[in-house]
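The values are calculated or read from the model by the stated rules, or taken from the named source; none is laboratory data. The shown structure was predicted, so the numbers you read here are calculated from the model rather than taken from an experiment. Ideal geometry is used to build each Cβ from the backbone, glycine not excepted, and the neighbour counts take in all protein chains shown. Just the protein is used for accessible areas: all its heavy atoms, side chains included, with ligands, DNA and RNA removed. Shrake-Rupley method; radii C 1.70, N 1.55, O 1.52, S 1.80 Å.
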Amino acid sequence: MSHVVIVGGGTGGTVLANRLVDALADPDAHRITVINDGPEQTYKPAFLYVAFDELTVADARRPIRELLDRRVEFVEARVTDVATDAHALTLADGTRLDYDELVLATGTGVDLSTVEGLAEGGHQFYDPDGARALREALAAFDGGDVVVSVIGTPHMCPAAPVEVTLMVEDWLDERGLREESSVTYTYPINRTHGMETLAAWTDEQFDERDIDAETFFNAERVDPEAQVIESMEGTALEYDLLITIPPHTGSALVRESGLGENGWIDVDRHTLEVTGVEDVHAIGDVADVPTSKAGSVAHYEAGVVAKRLRARLDGRTPSARYHGKTVCFVESGLDEATFVEFSYGSEPEVGPPSQATHWTKHAYNSAYWLTAQGMI
């Protein structure tokens, strides 16, 4: 019996497991195991809406066991080592788990410690505590200087920095605070986004709403007492409310297992096979591919790897390939959004925002758990 082990119970891990067990000609001839270091999956894009009091943290969580096909084994444990030469994993309690095929879907997280004063002086919305704290800060905010600073790249969700900026501006306007407030956005390169077409659209939105943009701003230090954020380039911005896209970090398991010095895994961008290692794939945020770290990427990568693993387990040569497909809703305020789609080597076309697209995004937030089960 072949054993497929998937480390990570996020979008990529659950979609892959469910797609694979459905696709196998004889599922009983193979064992499929998902390992995660907690019992729940978190839908991280929901945290942006938590900050604006449109969703709760509970809306963003579901038990992983409920998302998996009953034929998939779920193990709640922390993997402490990957020995690819021995085709074995070590769990925190010392248990050894052998595999024939391994997929790493460990995701990414944030590290506030890399910038002095960031944890004390700024807000972020990439985890439950951060989203809740930002919600409270927004609810209590009575006007002043707002700075939204993109400190780290790459980061989860390519459009999130632009979204939160436009949503904050709309939030202030709805509350009659816009005239007595300023909104400033910073980005570390010489334009407002890494993708040129999205940067051009962002510039138009910012110009229309009187949002200032500071490019070539690489945050170096936050002074919580003086309420100032300083850049390596020598620029200092005062703030009354600081919202950051903080530095993101790869997987500690990947670093400690020697699969990637910086925590990201080098893979073939089309097959998702880990470079220089046999029988191991990586998907989702932890995979170093030339596209965004977005849930849609994990979803499409999972579908490709499911087809490739099915072929391998059936004794055929895999042919499925991932071409970088990424889709993303982009909120342009509290009640309008647009939609972008792109692949490797292409730039997205950004259409005009609409209320219909905004409500489509909200409908998807509710339907996400069907996606996590691989049903859509």
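Highest GNM mean-square fluctuation among Ala131, Ala294, Ala356, for the chain modelled with Cα contacts below 10 Å: Ala356.
Summary value for the stretch 263-371: 18 percent relative contact order, contacts being C-alpha pairs under 8 angstrom separated by 6+ residues.
Add +1 for every Lys or Arg and -1 for every Asp or Glu among the other residues with Cβ under 13 Å from the Cβ of Pro352, and state the total. It would help to have the intermediate numbers written out before the result.
Values: positive: none; negative: Glu204, Glu208, Glu336, Glu349.
Result for the neighbourhood of Pro352: -4.
Can you grab the distance from the C-alpha centre of the stretch 345-374 to the C-alpha centre of the stretch 4-37, Å, no decimals? Between the Cα centre of the stretch 345-374 and that of the stretch 4-37, the gap is 26 Å.
With a cut-off of 8 Å between alpha carbons and a minimum separation of six or more residues, what is the relative contact order of the chain in percent? Mind dumping the intermediate values first?
Details: 804 pairs, mean separation 73.0, N = 376.
Reported as a whole number, the value is 19 percent.
Just to be sure I understand: of the beta bridges DSSP finds with both ends in the chain, what percent are antiparallel, rounded to 5? Mind showing how you got there, number by number?
Values: 28 of 64 bridges.
Percentage antiparallel, nearest 5: 45.
Once the C-beta distance of Asp100 and Arg61 is scaled by a Förster radius of 30 Å, the resulting FRET efficiency is 0.40 to the nearest 0.05.
Which stretch or stretches of the stretch 49-66 have amide N atoms under 11 Å from the point lying 7 Å from Arg175's Cα along the Cα→Cβ direction? In the stretch 49-66, the label zone of Arg175 (backbone N under 11 Å from the point 7 Å along Cα→Cβ) covers 52-53. Can you pull the percent of Cα pairs in the stretch 179-279 with separation above 18 Å? It works out to 63 percent of all Cα pairs. Asn18: net charge of surrounding residues, Cβ under 14 Å, Lys/Arg +1, Asp/Glu -1, itself excluded? Value of the local net charge: +3.
With only Lys, Arg, Asp and Glu charged, each at its Cβ (+1 for the first two, -1 for the last two), find how big the charge dipole of the chain is about the Cα centre; round to the nearest 20 debye. Present the calculation step by step, with values, prior to reporting the outcome.
On the way: 28 positive and 65 negative charges, 421 e Å.
For the chain, the charge dipole is close to 2020 debye.
Under 14 Å from a label point set 7 Å out along the Cα-to-Cβ vector of Ala119, the amide N atoms of the stretch 232-257 belong to 247. Give me the percent of the accessible area of the chain that comes from carbon and sulfur atoms, probe 1.4 Å, all protein chains in place. Whole-percent figure for carbon plus sulfur exposure: 44. His3 sits among other residues whose Cβ lies under 9 Å from its own Cβ, and their net charge, with Lys and Arg +1 and Asp and Glu -1, is -2.
Extension gain, Asp26 to Asp93: 0.36 nm times the residue separation minus the Cα-Cα distance gives 20.9 nm. For Thr271, nonlocal amide neighbours, meaning residues 5 or more places apart or on other chains whose placed amide H falls under 5 Å from its own, are Tyr322.
Within the chain, which is the longest segment containing none of the trypsin sites (Lys or Arg not before Pro) that sit in a DSSP loop and have at most 12 other Cβ atoms within 10 Å? Write out the running numbers ahead of the final one.
On the way: sites that count: Arg70, Arg316.
With trypsin sites (Lys or Arg not before Pro) excluded where exposed in loops, the chain gives 71-315 as its longest stretch.
A dipole drawn for the stretch 180-239 from +1 and -1 charges on Cβ atoms has a positive end, and of Gln227, Ala200, Ile211 the residue lying farthest that way is Ala200.
Rounded, prolate or oblate: which one fits the stretch 111-247, using the alpha carbon gyration tensor with axes a ≥ b ≥ c (rounded when a/c is under 1.5, else prolate when a/b beats b/c, else oblate)? Could the numbers behind the result be given before it?
On the way: a/c = 1.31, a/b = 1.01, b/c = 1.30.
Rounded is the answer for the stretch 111-247, as its axis ratio a/c remains below 1.5.
Spacing of the modelled spin labels on Met232 and Ala367, each 7 Å from Cα toward Cβ, amounts to 4.3 nm.
The sum of -39500 (n - 2.57) across all DSSP H runs of n ≥ 4, divided by the residue count of the chain, sets its helix-only mean residue ellipticity at 222 nm to -9000 deg cm²/dmol. Taking the DSSP beta bridges with both ends in the stretch 48-192, the antiparallel portion is around 60 percent.
For the stretch 111-247, the antiparallel share of DSSP beta bridges with both residues in that region comes to about 30%.
I need the shape label for the stretch 40-126. Rule: rounded when a/c is under 1.5, else prolate if a/b > b/c, else oblate, with a, b, c from the alpha carbon gyration tensor. Cα axes put the stretch 40-126 in the oblate bin. A 1.4 Å probe run over the protein chains yields, for the stretch 111-247, 42 Å² of accessible area per residue, whole-number rounding.
How long is the gain from Asp314 to Glu40 if the chain were fully straight, where each residue apart is worth 0.36 nm and the alpha carbon distance is subtracted?
On the way: separation 274, 0.36 × 274 = 98.64 nm, distance 3.16 nm.
Stretched fully, the Asp314-Glu40 segment lengthens by 95.5 nm.
Taking the Cα centre of the chain as the origin and placing charges on Cβ (Lys, Arg +1; Asp, Glu -1), which of Val75, Val164, Thr108 is farthest toward the positive end of the dipole? It is Val75, whose Cα lies furthest towards the positive end. Fully extending the segment from Arg71 to Ala140 would add 20.0 nm, taking 0.36 nm per residue of separation and subtracting the current Cα-Cα distance. Given DSSP loops and a limit of at most 10 other Cβ atoms within 10 Å, what is the longest stretch of the chain that contains no such GluC sites (Glu not before Pro)? It runs 1-178.
Placing +1 on the Cβ of every Lys and Arg and -1 on the Cβ of every Asp and Glu, with no other charges, gives the stretch 76-204 a dipole of roughly 80 debye about its Cα centre. Put a plus charge on the Cβ of each Lys and Arg, a minus charge on the Cβ of each Asp and Glu, and nothing anywhere else: the dipole of the stretch 191-324 about its Cα centre is then about 1340 debye. Distance from the Cα centre of the stretch 295-329 to that of the stretch 73-139, in angstrom? What the calculation gives is 23 Å, centre to centre.
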